[in-house]
Amino acid sequence: MSRAVWTLAVLLSHWRRHPTQLATLLIGLISATALWSGVQALNQQARNSYDQAAATFGGARTAMLVGSNGASFPQKLFVDLRRAGWPVSPVLEGRIQIGGRSFRLLGIEPVTLPVEVGNAPAIGRANLQSFVTPPGETLVAAETLSDLKLAEGAAPQANDGTALPPLRVQPQLVPGVLVVDIGMAQRLLKMPDQVSRLLVGKPRGKRAPLESIAGDRLRLVEPDTATDLERLTDSFHLNLTAFGLLSFFVGLFIVNSAIGLAFEQRLPMLRTLRACGVSARQLNTVLVVELVSLALVAGLAGLICGYLIAAALLPDVAASLRGLYGAQIPGQLTLKREWWLAGMAISVLGALGAAAASLIKAVRLPVLTAAQPQAWQQAQQRWLKLQGALAVAVFIAAGCLLRFGDSLIAGFAVLAALLLGAALALPAILERLLALGERGADRPLPKWFWADSRQQLSGLSLALMALLLALAVNVGVGTMVESFSRAFVAWLDGRLAADVYVSAADNKQATEIKAWLRERPEVQAILPGSRADAQLAGAPIEVLGLPDHATYRNYWPLLQSTRNAWIRLRPGDAAFVSEQLARRLKLSIGDKIEVPAPGGDWPLEILGIYADYGNPKGQIAVNYAALTRRFPGVPQTRFGLNVVPAAVPGLVSAIQEKFGLDDRSIADQVTMKAESKRVFNRTFAVTAALNTFTLGVAGIALLTSLLTLSNSRLPQLAPLWAIGITRERLALVELLKTMSVALITALLALPLGLLVAWCLIAVVNVKAFGWRLPFHVFPLQLIELLGVALAAALCAALLPVIRLARMQPATLIRIFANER
């Protein structure tokens, strides 16, 4: 044991003499762990919220019976099924307006609620009587109570004047949900003796066949292990995970570089320890213990940094999920013990993985030449051919995935293979270019410049690979976001064509507002609109009603359409479909679909396909009059107005004053576009932050590689100084070498980044969201990112160069004292 202790003490003395290497090793592990664990913390917070939402009295995690046509059904079916041995519990769901805001209202019957269903035990036996007996209770989350601006125990009032039961906070609920007794819900929603679905508990005996009781009026929906929100947001979280994984590997490049150079410098020490009687097994064990100890320290620091990163990004993630998917997640970060343990494990495994290559390389090198840089460069030559062959194989795999893959995972696999292949091919490409430069040089110093750059490549290759990946991802994601921004602005101009949008509290108020507006001379047109919920091919869709007006005919964002599509839309037997619905169901112009409606299936012919960015549901657009005929119960509370531009502010103020509408119920086009663009920009704030982090870590990787190489470079530089080349000139040559390989890497990253952007737009985005964006190239953005990359390389190279320029002559002379 004592021999192991002093062996460890000897090994640790290296870090005391080389604090810069220790700092780079710790920085790499901290950066890798922080970015990875931060992303995982964000994902875990969102997943917990989805589970909470799914467990809200059933949801997709519980088997249920629903109406065959997607509509509500008589409560009598519940009674019949209970008598036939079915352990069912009724639920009624709808929307209710309170204070101008819309909330999801759930009516439940707690006595029959299965014990395995979501939050059933949370009501508690003690509160059951107060929940079901008059005046009852309205269960809400704390956030909902804050939104209502009421105290617990207060009784809110709906917009139609109906009073709700007193409020009681239920911690297990998600925001925006009100839970009441089903009898109260039927009264509030004006749906007497109606049920939206029946939750099915575990069977406790024989039960009659469903068809013998309900006929074809009900269908059984089996429980799903993933919620709708989880499926919708998989692409978003996979995107975050991809960034976190990329950042983790970029951080490990720093670790790999630092450990590799430390092993090179410590090989004489390792030989001495072996000569003193330390066995190879004991030496390797002590090396692993040393590495694991450093990884644990760095992992703990990385977890703390990851928590801070996640806490800083959480508001933007919450805004993104709320804006894109309507998913509600709390703004406070709560983490489980598993997250901390996983973070420590990933730090240790990452450090061991980064050190594995250096250990194998050190073992295979000849003992007498292992400490010489030229030996490392010779060993690197043998790996270049293998890396090149592996890069070709990875590119072939990417092509096969692109050709035959048909899923989101396959799309990300194509992207990962593309980046991995490019990273593996980079050292071979740089080696070939530097060799061409060496052959083209005819003077001694330029020839040494290219030859020494090739030798130095073995120590810089990982850092340059990190720079290539970080810059390519920045170019790819930046191009995708800018393309999306341009398409989004054009889409907003088409979807928000009216000058003012109004949302009344109910149909009665809507009728009063419309009658008042018809007397206003500045109002040029009233554009009614409505939407209904339905199901198509087993998935929920929105049916949107469009008025037959020139505003929609001129601006609606159609991607494809037949001739005279708007004229053919009028009779009500045709529809436009959103791009994501068309892709998901493989629909094209001229196809027929049947939409379930209260009066029976509604056959529609597809006349056009339109862009509908950001909508997680599929959508179809039909004539407004036809929609109100087929869905007579849909609310007709929303409408747009064409107004004389100069009169818009005055009209908005007059409507608010006359009818008591707030800013959520009436908005002008300019305000809505500005808010939409703000949400859009915040949606991609997380991506921009992770881009910046990744590029920053790549810059640190380059800096740490240059710092660790600086001392080992002295034997190559001292002879040049001895023959008369000044330290300042040597420093300039070193700077030019670094900048040249960085420039070559950055130039290679630009086309790779554009290829990444195409893959994101044409493959990943289509699989994730169902729509394809137009592809644009932004030259100014490419020039800007090229400048940023070169600036990062310059900053990384300055410190070693300044140290060389200021180095004392005695230090360079000491190099020759060791020559024999």
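Applying 1/(1 + (r/R0)^6) with r as the Cβ-Cβ distance of L308 and A356 and R0 = 22 angstrom yields a FRET efficiency of 0.15. Partners of K737 within straight-line reach, counting lysines whose Cα lies under 16 Å from its Cα and excluding those fewer than 8 residues away in the same chain: K447.
With every protein chain in place and a 1.4 angstrom probe, the accessible-area ranking of V289, V634, largest first, reads V289, V634.
The length gained on full extension between T692 and A275, counted as 0.36 nm times the residue separation minus their Cα-Cα distance, comes to 145.3 nm.
In summary, the lysines within cross-link reach of K190, defined as a Cα separation below 25 angstrom excluding same-chain residues under 8 places away, comprise K76, K508, K514.
Computed from backbone phi with θ = phi - 60° and the Karplus coefficients 6.51, -1.76 and 1.60, the 3J(HN,Hα) list for segment 539-552 is 10, x, 9, 10, 10, 9, x, 10, x, 7, 9, 4, 4, 6 Hz; x is used for glycine and proline. Computed over every Cα-Cα pair of segment 437-542 and binned at 10 Å starting from 0, the pair-distance distribution P(r) comes out as 10, 16, 17, 15, 11, 9, 9, 9, 5, 0 percent.
What order do you get for 803-811, 337-345, 603-611 when each peptide is scored by the mean count of other beta carbon atoms within 10 Å, highest first? If you can, show how the numbers build up before the last one.
Values: 803-811: 13.1, 337-345: 14.7, 603-611: 20.1.
The most tightly packed comes first, giving 603-611, 337-345, 803-811.
Straight-line reach from K617: taking Cα to Cα under 16 Å and skipping same-chain neighbours fewer than 8 places apart, the lysines in range are K586, K767. For the peptides 161-170, 516-525, residues were scored by their other Cβ atoms within 10 Å and the scores averaged per peptide; the highest-first order is 161-170, 516-525. Amide H to amide H, with H built 1.01 Å from N, E137 comes under 5 Å of D181, counting only residues 5 or more places away or on other chains.
What's the ranking of 542-551, 128-137, 30-39 by average number of surrounding C-beta atoms within 10 Å, highest first? Intermediate results must be reported in sequence, preceding the final value.
Details: 542-551: 18.1, 128-137: 14.2, 30-39: 28.1.
Per-residue Cβ counts within 10 Å, averaged per peptide and sorted highest first, yield 30-39, 542-551, 128-137.
Taken along its three principal axes, the alpha carbon spread of segment 559-663 comes to 47, 31, 29 Å, from the longest extent down to the shortest.
The values are calculated or read from the model by the stated rules, or taken from the named source; none is laboratory data. Source: prediction; values computed, not measured. As a convention, Cβ positions derive from the backbone with ideal geometry for all residues, glycine included, and neighbour counts pool all protein chains shown. These accessible areas exclude ligands, DNA and RNA; they are computed on the full protein's heavy atoms, side chains included. Shrake-Rupley method; radii C 1.70, N 1.55, O 1.52, S 1.80 Å.
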